[in-house]
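Q: Submitted below is the structure of interest, expressed as structure tokens.
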Amino acid sequence: MGLEAAIGALDRGFAVTVLEKGRVGENFRRYGSTRLFSPFAMNVSARVRALLGADAPAADALLTGVEMAERVLEPLAATPPLSGRIRTGQTVTAIGRARMTRREMPGHPLRAERPFRILVETARGEDVIEADVVLDASGVYDRPAAVGVGGIPARGERALDGALIQRLGELQAALAGLAGRDVLLVGHGHSAAGALAAMAALPDPPRIHWATRSPNRRPCVEVADDPLPERARVTANANRLASDPPAFLTVERRAGVEAFERREGRVAVTLSGGGERVCDAVLGFTGYRPDLSFLSELALDVSPATEGSAGVARALAGVTDCLSVPRVRPADLDSGEPGFYLVGAKSYGRLPTFLLRNGLEQLETILERVAVSA
């Protein structure tokens with residue numbers, strides 16, 4: 001989303017700098033070999049397809065996260081429009097207004113007269129850059145949600161270190177070592193369904209204890225006549241396993257995690273109701289949340305429920321599937337801070353309905369507003 005924003009801004013005549021915390025496509029790389037549910041044509045704009053030319057993947061290709069990074073984003077970053085504009089290994093630690101705190105004239109257009117000051121941590125030390133407009137496309141995948149009940153860390157969760165796996169790429173790297181061992185799987189979304197499928201496919205699957213808050217025999221939400229076949233396949237497979245568990249799978253419904261305790265190199269897990277399981281690894285796929293810590297000096301209108309844009313949260317209230325997201329009004333994309341926008345998955349916060357196609361449409365609306373007000 002950041003590279004799409006940069007190209008769109010360049011097309012409109014703006015000077016652009018992209019700050020990447022890691023490598024280009026870092027979040028996609030963390031998906032590992034997991035395939036995206038949406039085909040390539042839904043995931044990039046027409047201008048990106050044009051820049052990639054004959055090297056662009058097929059329109060119907062279901063790329064893995066690594067393929068999206070290596071076949072799309074890396075070549076895109078090397079194209080003439082973006083060459084020299086992307087700074088990798090640069091972590092934004094704070095954003096504010098020049099000589100103005102968040103308490104001064106919040107929401108007032110006069111705030112736009114002061115440039116943004118961006119504090120950046122680099123390999124050479126700290127740097128400060130200024131900008132007239134800032135688009136935050138940092139996403140949510142960098143910050144997994146807690147595994148414990150009620151959305152806060154379970155007792156002992158923060159001390160789990162390497163025993164807690166919360167991204168699919170990490171799971172794939174550890175998969176061979178889980179064969180024949182005891183694993184706790186927490187969550188019942190698409191990532192949890194994908195994790196279950198990956199472990200079930202091993203020649204010697206681990207003994208899986210699946211803890212889900214859902215009371216349903218088929219815990220993963222299925223979409224009737226799902227137009228995304230890969231999503232339908234992954235979800236149906238997980239539900240089939242849950243409804244008729246093989247010998248290696250135990251499903252704990254209406255279950256939450258109360259506590260973790262290290263015990264002789266393993267992890268003892270206390271579940272809601274007092275049940276205990278002892279396992280070798282914990283897979284926590286309970287969603288992701290945006291990092292707002294470096295935005296604390298901006299007067300943002302943030303949803304108290306989703307931690308994303310309040311306007312987007314209001315516009316999408318009641319929407320349960322990413323393919324049924326309505327077109328939002330331009331005003332819904334405002335952040336409350338003139339010239340600053342949350343874009344892509346970060347604008348959705350903890351909503352599970354983000355789709356790249358919708359994010360790209362909303363990005364175009366934002367860029368048009370920026371161009372008109374320039």
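The values are calculated or read from the model by the stated rules, or taken from the named source; none is laboratory data. Worth saying up front: this structure is predicted, and the values here are computed from it rather than measured. Here the Cβ positions follow ideal geometry from the backbone for every residue, glycine too, while neighbour counts run over all protein chains shown. Side chains included, ligands, DNA and RNA excluded: accessible areas come from the protein's heavy atoms. Shrake-Rupley method; radii C 1.70, N 1.55, O 1.52, S 1.80 Å.
Q: Pull out the extension gain between ARG23 and ARG102, defined as 0.36 nm times the separation in residues minus the alpha carbon to alpha carbon distance; nm, one decimal.
A: Working it through step by step, the gained length comes to 25.3 nm.
Q: Let me ask another. Carbon and sulfur together cover what percent of the accessible area of region 51-116 at a 1.4 Å probe radius?
A: 51
Q: Read phi for every residue in region 144-156 and hand back ³J(HN,Hα) as whole Hz from Karplus 6.51 cos²θ - 1.76 cosθ + 1.60, θ = phi - 60°, with x for Gly and Pro.
A: Each residue of region 144-156 in turn: x, 6, 5, 8, x, 4, x, x, 10, x, 5, 4, x Hz.
Q: Mind pulling the angle between the C-alpha long axis of helix 229-243 and the longest principal axis of the chain? Nearest 10 degrees, somewhere in 0 to 90.
A: That works out to roughly 30 degrees.
Q: Let me ask another. Please list the non-local residues whose amide H lies under 5 Å from the amide H of VAL92, H modeled 1.01 Å from N, same-chain partners needing a gap of 5 or more.
A: Amide H to amide H, under 5 Å and 5 or more residues apart or across chains, VAL92 pairs with GLU121.
Q: Once you put a point 7 Å from the Cα of LEU10 and another 7 Å from the Cα of ARG218, both along the Cβ direction, what distance in nm separates them?
A: 4.6
Q: For a quick check, take a GNM of the chain with Cα springs below 10 Å and name the residue from ARG99, ARG12, ARG217 with the largest mean-square fluctuation.
A: ARG99
Q: Keeping every protein chain in place, order LYS346, LYS21 by accessible area at 1.4 Å, biggest value first, i.e. largest first.
A: Result of the area sort, largest leading: LYS21, LYS346.
Q: Nearest 0.05, what FRET efficiency do LEU52 and ILE152 give at R0 = 25 Å with Cβ-Cβ as r?
A: The formula returns an efficiency of 0.05 here.
Q: Something else: Over what distance in Å are the Cα centres of region 312-374 and region 190-207 separated?
A: Computed from Cα coordinates, the inter-centre distance equals 34 Å.
Q: Determine the relative contact order of region 176-253: mean sequence separation of Cα pairs under 8 Å and six or more apart, normalised by residue count, in whole percent.
A: 36
Q: Name the longest site-free stretch of the chain, where the excluded sites are GluC sites (Glu not before Pro) in a DSSP loop with no more than 13 other beta-carbon atoms within 10 Å.
A: That would be 105-221.
Q: In a Gaussian network model over the chain where Cα atoms closer than 10 Å are linked, find which of HIS190, HIS209, HIS108 has the largest mean-square fluctuation.
A: Residue with maximal mean-square fluctuation among HIS190, HIS209, HIS108: HIS108.
Q: How long is the gain from ARG266 to ALA59 if the chain were fully straight, where each residue apart is worth 0.36 nm and the alpha carbon distance is subtracted?
A: Result for the pair: 70.0 nm of gain on full extension.
Q: In vacuo Debye scattering of region 25-134, one point per C-alpha: log10 I(q)/I(0) at q = 0.12, 0.20, 0.23 Å⁻¹?
A: Relative scattering, expressed as log10 I(q)/I(0), comes to -0.64, -1.00, -1.14.
Q: Relative to the longest principal axis of the chain, what angle (0 to 90°, nearest 10) does the C-alpha long axis of helix 356-373 take?
A: Its long axis makes an angle of about 20 degrees.
Q: Another question about this same structure. In Å, what is the Rg of the alpha-carbon atoms in region 138-262, and how long is Dmax?
A: Reported Rg and Dmax, both Å: 14.5, 44.
Q: Please list 3J(HN,Hα) in residue order for region 104-112, calculated via the Karplus relation 6.51 cos²θ - 1.76 cosθ + 1.60 where θ = phi - 60°; whole Hz, with x for glycine and proline.
A: Working through the residues one at a time gives 8, 6, x, x, 7, x, 5, 4, 5 Hz.
Q: Further, regarding this structure: If you find the alpha carbon centre of region 56-105 and of region 4-44, how far apart are they in angstrom?
A: Answer, in whole Å: 5.
Q: Check LEU283: other-chain or 5+ apart residues with amide H under 5 Å from its amide H, H built from backbone geometry?
A: Amide H to amide H, under 5 Å and 5 or more residues apart or across chains, LEU283 pairs with ILE165, LEU184, LEU185, VAL186.
Q: In whole Hz and in residue order, list the ³J(HN,Hα) couplings for region 63-75 that follow from phi through the Karplus curve 6.51 cos²θ - 1.76 cosθ + 1.60, θ = phi - 60°; x for Gly and Pro.
A: Calculated HN-Hα couplings, in order: 7, 7, x, 5, 5, 4, 5, 7, 9, 10, 6, 4, x Hz.
Q: Let me ask something additional. Mind grabbing the accessible area of ASP332 for me, 1.4 Å probe, Å², rounded to tens?
A: The accessible area comes out at roughly 20 Å².
Q: Assuming R0 = 41 Å, can you tell me the calculated FRET efficiency for the pair ARG314 and ALA159, based on Cβ-Cβ distance, to the nearest 0.05?
A: Once rounded, the FRET efficiency stands at 0.60.
Q: Let me have the relative contact order for the chain, percent, based on Cα pairs under 8 Å that are six or more residues apart.
A: Once divided by the residue count of the chain, the mean separation gives 19 percent.
Q: Relative to the first principal axis of the alpha-carbon coordinates of the chain, what is the inclination of helix 190-200, with its axis defined by its Cα atoms, in degrees from 0 to 90 and to the nearest 10?
A: The answer is roughly 40 degrees.
Q: Also: Pick out which of ALA345, ALA59, ALA69 has the largest mean-square fluctuation in a Gaussian network model of the chain, springs linking Cα atoms closer than 10 Å.
A: Of ALA345, ALA59, ALA69, the most mobile in the Gaussian network model is ALA59.
Q: Which residues in region 141-169 place their backbone N less than 12 Å from a point set 7 Å from the Cα of ARG181 along the Cα-to-Cβ direction?
A: 162-165
Q: Which residue, chosen from THR235, CYS279, PRO246, occupies the Cα position most advanced towards the positive end of the dipole of region 230-283, where the dipole is computed from +1 (Lys, Arg) and -1 (Asp, Glu) charges on Cβ about the Cα centre?
A: Of the candidates, THR235 comes out farthest on the positive side.
Q: Only Cα pairs under 8 Å and at least 6 apart count here; give the relative contact order of region 106-146 as a rounded whole percent.
A: It rounds to 30 percent for region 106-146.
Q: If I ignore ligands, DNA and RNA and count only protein heavy atoms, how much of ILE7 is accessible to a 1.4 Å probe, in Å² to the nearest 10?
A: Approximately 10 Å² for this residue.
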